[in-house]
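Reviewing the structure listed below.
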Amino acid sequence: MNLPRLSVAPMVDWSDRHFRYFLRFLTPHSLFYTEMRSTGAVLFGHEESILGFDPFEKPLSLQLAGDDPLDLTKAVQKAEAWPYDEYNLNCGCPSDKVQEAHFGACLMAEPDLVARLVEAMKKATARPVTVKHRIGIDGLESYEDMLRFVKAVQMAGADRVIVHARIAILKGLDPKENREIPPLRYEDVYRLKAEVPHLPIEINGGIRTIDNLKVQLSRVDGVMLGRAAYEDPYFMAVAEQEVFGTSRPTRRQVIEAIMPYVDEWQKRDISVYKIARHMTSLLAGFPGARKWRQALSPPFQRVGRSSELFQRLLEVLPPWVLDSTDLRPNSTKSLVSS
């Protein structure tokens with residue numbers, strides 16, 4: 001797999017296979033990540049539910065969380081039956097539950113352990129192994145602390161690091177607050193790239209405009225987008241055009257493309273609304289957006305065939321909105337480069 005210039009972050013409860021399938025119609029090239037999967041879930045959970053995906057979602061990285069080299073080895077070996085493009089170790093999640101399990105951001109305090117985890121994963125696969133982490137955590141907030149961590153995982157064989165450019169405050173802030181309150185320190189990530197030039201470095205955190213995306217790509221190897229991709233899915237089509245030169249699909253084309261997919265999942269007793277929940281912001285800011293959002297949200301309409309829900313909406317929403325390739329109206333000027 002080539003070095004990803006653009007990726008979509010792993011997001012708990014959001015980055016499921018249905019969101020990834022929907023978003024792929026807007027982003028044909030970006031690397032996607034699964035939701036974080038603990039080694040216990042991979043080893044003892046329902047295999048199709050935990051590891052399953054549609055080939056259309058590729059390129060795709062499986063994000064794992066664990067603190068035991070043997071468990072990570074077994075988890076990667078089990079996942080090898082699925083054609084993932086890479087494996088990613090989570091060293092960035094700050095939630096209390098994850099900390100209690102000794103996963104996520106708290107592992108930044110133990111770079112030698114993380115190095116052993118990376119080595120174990122590398123021995124279990126020929127695919128790339130990457131690490132997603134913060135620039136620091138409570139008590140280990142300096143650039144030098146991050147550099148020590150990164151050099152440890154580099155020596156262990158990590159193929160790429162993805163750096164969320166905020167520290168994680170493990171005591172006193174919840175995950176949402178940890179995405180917003182600690183200040184962004186992009187300069188630390190740029191310095192890391194300058195001082196560790198041979199290690200591919202991807203940046204994450206607070207990147208919501210095309211102008212900012214372009215700045216980041218001029219300083220590091222790749223950009224990971226998170227909430228921007230979920231809260232405004234069409235932003236990804238614009239970002240892909242900027243990075244890869246691809247043409248933007250219309251919203252109508254995206255809706256029509258997903259219709260066979262929802263009908264197929266209906267045969268597996270999956271409600272259309274479990275897929276449609278990821279699409280509520282596709283028309284945000286346009287006339288008809290409220291009608292679209294309400295139709296995809298509780299209280300749910302009854303439909304015979306799942307695709308009927310979208311077909312009805314295609315018949316009543318403004319054609320010029322459905323055929324638009326513009327970002328949402330009233331966006332700030334910096335959303336799209338001039």
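The values are calculated or read from the model by the stated rules, or taken from the named source; none is laboratory data. None of these values were measured; they are calculated from a predicted model. Quick reminder, even Gly has a Cβ in these numbers, built from the backbone with ideal geometry, and neighbours come from all protein chains shown.
Residues in segment 194-207 that are farther than 13 Å from HIS164 by Cα and out of contact with any Leu (no Cβ under 8 Å at 6 or more places or on another chain) were compared, and the one that is surrounded by the most Cβ atoms within 10 Å (Cβ to Cβ) is LEU199.
Exactly one residue out of ARG134, ARG166 is among the charged types (D, E, K, R), out of contact with any Asp or Glu (no Cβ under 6 Å at 6 or more places or on another chain), surrounded by 16 or more Cβ atoms within 10 Å (Cβ to Cβ) and under 27 Å from ALA75 (Cβ atoms): that is ARG134.
Listed by position, the helices (runs of 4 or more DSSP H) contained in segment 264-338 that have at least 1 residues being at pLDDT 95 or above and in contact with a Ser or Thr (Cβ under 6 Å, 6 or more places away or on another chain) are 272-276, 289-295.
So which of LYS97, LYS78, LYS74 is at pLDDT below 95, among the basic types (Lys, Arg) and surrounded by fewer than 22 Cβ atoms within 10 Å (Cβ to Cβ)?
Selected residue: LYS97, the only one of LYS97, LYS78, LYS74 that is at pLDDT below 95, among the basic types (Lys, Arg) and surrounded by fewer than 22 Cβ atoms within 10 Å (Cβ to Cβ).
Taking the criterion of being exposed (fewer than 15 other Cβ atoms within 10 Å of the Cβ) and either under 22 Å from ARG17 (Cβ atoms) or of a type in the set (S, T, N, Q) (or both), the residues of segment 267-297 that qualify are LYS267, ARG268, ASP269, ILE270, SER271, LYS274, GLN294, SER297.
Filter segment 106-122 down to residues that are over 25 Å from TYR84 (Cα atoms) and out of contact with any Pro (no Cβ under 9 Å at 6 or more places or on another chain) and give me whichever is surrounded by the most Cβ atoms within 10 Å (Cβ to Cβ). Of everything passing the filter in segment 106-122, MET108 is surrounded by the most Cβ atoms within 10 Å (Cβ to Cβ). The test for being in contact (Cβ under 8 Å) with a residue 12 or more places away in the chain and out of contact with any Phe, Trp or Tyr (no Cβ under 8 Å at 6 or more places or on another chain) holds for PRO287.
Just so you know, in segment 214-239 the residues that are over 16 Å from ARG160 (Cβ atoms) and acidic (Asp, Glu) include one that is surrounded by the most Cβ atoms within 10 Å (Cβ to Cβ), and it is ASP232. Restricting the search to helices (runs of 4 or more DSSP H) fully inside segment 168-254 and requiring at least 1 residues that are more than 20 Å from HIS133 (Cβ to Cβ) and not assigned by TED's automatic domain parsing to the domain that holds THR280 gives 210-217, 227-231, 234-244. Among the numbered conditions (1) without any contact (Cβ under 8 Å) to a residue 24 or more places away in the chain; (2) crowded, with 17+ Cβ neighbours inside 10 Å, the only one that SER49 does not meet is (2).
Here ASP188 clears all of (1) charged (D, E, K, R); (2) over 29 Å from HIS278 (Cα atoms); (3) free of Cβ contacts under 8 Å to residues at least 40 places away in the same chain except the condition numbered (3). The residue that is surrounded by the fewest Cβ atoms within 10 Å (Cβ to Cβ), among those in segment 58-71 that are touching a Ser or Thr at 6+ places or on another chain (Cβ under 9 Å) and within 25 Å of PRO4 (Cβ to Cβ), is PRO59. Within segment 19-42, no residue that is more than 22 Å from ARG248 (Cα to Cα) sits with its Cβ atom under 8 Å from a residue that is modelled with pLDDT under 95 and part of a strand (DSSP E or B) at 6+ positions apart or across chains.
Would you call LEU199 within 17 Å of PHE149 (Cα to Cα), in contact with a strand residue (DSSP E or B) (Cβ under 7 Å, 6 or more places away or on another chain) and either in contact (Cβ under 8 Å) with a residue 40 or more places away in the chain or of a type in the set (Phe, Trp, Tyr) (or both)? Before you say what the answer is, go through the steps one by one.
Values: within 17 Å of PHE149 (Cα to Cα): yes; in contact with a strand residue (DSSP E or B) (Cβ under 7 Å, 6 or more places away or on another chain): yes; either in contact (Cβ under 8 Å) with a residue 40 or more places away in the chain or of a type in the set (Phe, Trp, Tyr) (or both): yes.
So LEU199 passes the test.
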